[in-house]
Every structure is written in structure tokens, then in C-alpha cells.
Amino acid sequence: MGQISKAFPIHSLETLEQELEVLKHCCCIETESKMLVADDDPFVQYLLAEMVKEKFGFETAKALDGGLCVDMVEARLKCPVHVNYKLLILDMNMPVKLGSEVALQLRRIENELKAPKIYIVASTSLKQ
């Protein structure tokens, strides 16, 4: 769990919105920042991406499984032309790789590349 910046159950969009407000002010996440939503539910992805875009102006990419999430982050870290993701909202229960595996692998890649750390918010559920 030490690889996750913040972990909490997201039961509502209001909870996530409050968390993002805090991050925006204390963690240097600018309006133009890139964000990745990794969730295997396309509806949850859509809700998160739209809310984040509307409220904060973040450009948002989406990954439907843990393997794709790792590939997308690694590709951005290795390509000098792309702006790295500043924030990752990571579902803990995804196919291919669980959220905990994704977080561990991303931290390993960041360390190997001496790249800045992505702020990872682990979510357990938006469905309740």
C-alpha cells in the first residue's frame, strides 16, 4: 500500500471532487495537467473523466485494465514529446493486473527512469 499516494473508498463523485480540490491546491496539479482513469467499467470511466474535465479542466485518458494502464503510463514516461500524467485514479479491482500490482509496477518504472512520481488515488468502488 506504500505505493499508493492516497487510498479511500470512492462512494460518490462528491468524495472524489473534494479529494481533487485538495490535490489541486496542495500538490501542484495545474488545470492543464494530464490525468489517467483506470477502471474496467466504461460508465465509471465516463463519469470520472467528464466530472474532472468539467470541474478542473484536466485532460483525461482512460484505461480499461491494469496492463493497459501500465503501458500507457510507461509510454508517456519514456517519450520526451508527451506530457506525463500527474494524476492516476486507479480502480483496485481490474482485469489483467490488480490496482496494487499496477501501483507497484509504476513506482518501479518511475524509479528506474528517475521520473517524477504520479499521484495515485486508489478507488475501491463508485457503485453503491
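Quick one: grab the alpha carbon gyration tensor of region 42-85, order the square roots of its eigenvalues as a ≥ b ≥ c, and give me rounded if a/c is under 1.5, else prolate or oblate depending on whether a/b is larger than b/c.
oblate
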Extension gain from residue 43 to residue 17, taking 0.36 nm per residue of separation minus the Cα-Cα distance: 7.6 nm
By how many nm would the segment from residue 107 to residue 59 grow when fully extended, if each residue of separation counts as 0.36 nm and the alpha-carbon distance is taken off? 15.1 nm
For the pair residue 78 and residue 114, how long in nm is the line joining their label points, each one 7 Å along Cα→Cβ? 1.9
Please give the net charge around residue 108, taking every other residue with its beta carbon less than 11 angstrom from that of residue 108, where Lys and Arg add +1 and Asp and Glu add -1. -3
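FYI, it's all coordinate maths here, none of it is from the lab. Bear in mind the structure is a predicted one, so any value in this text is a computation, not a measurement. Please note: Cβ atoms are built from the backbone with ideal geometry, for glycine as well, and neighbour counts cover all protein chains shown.
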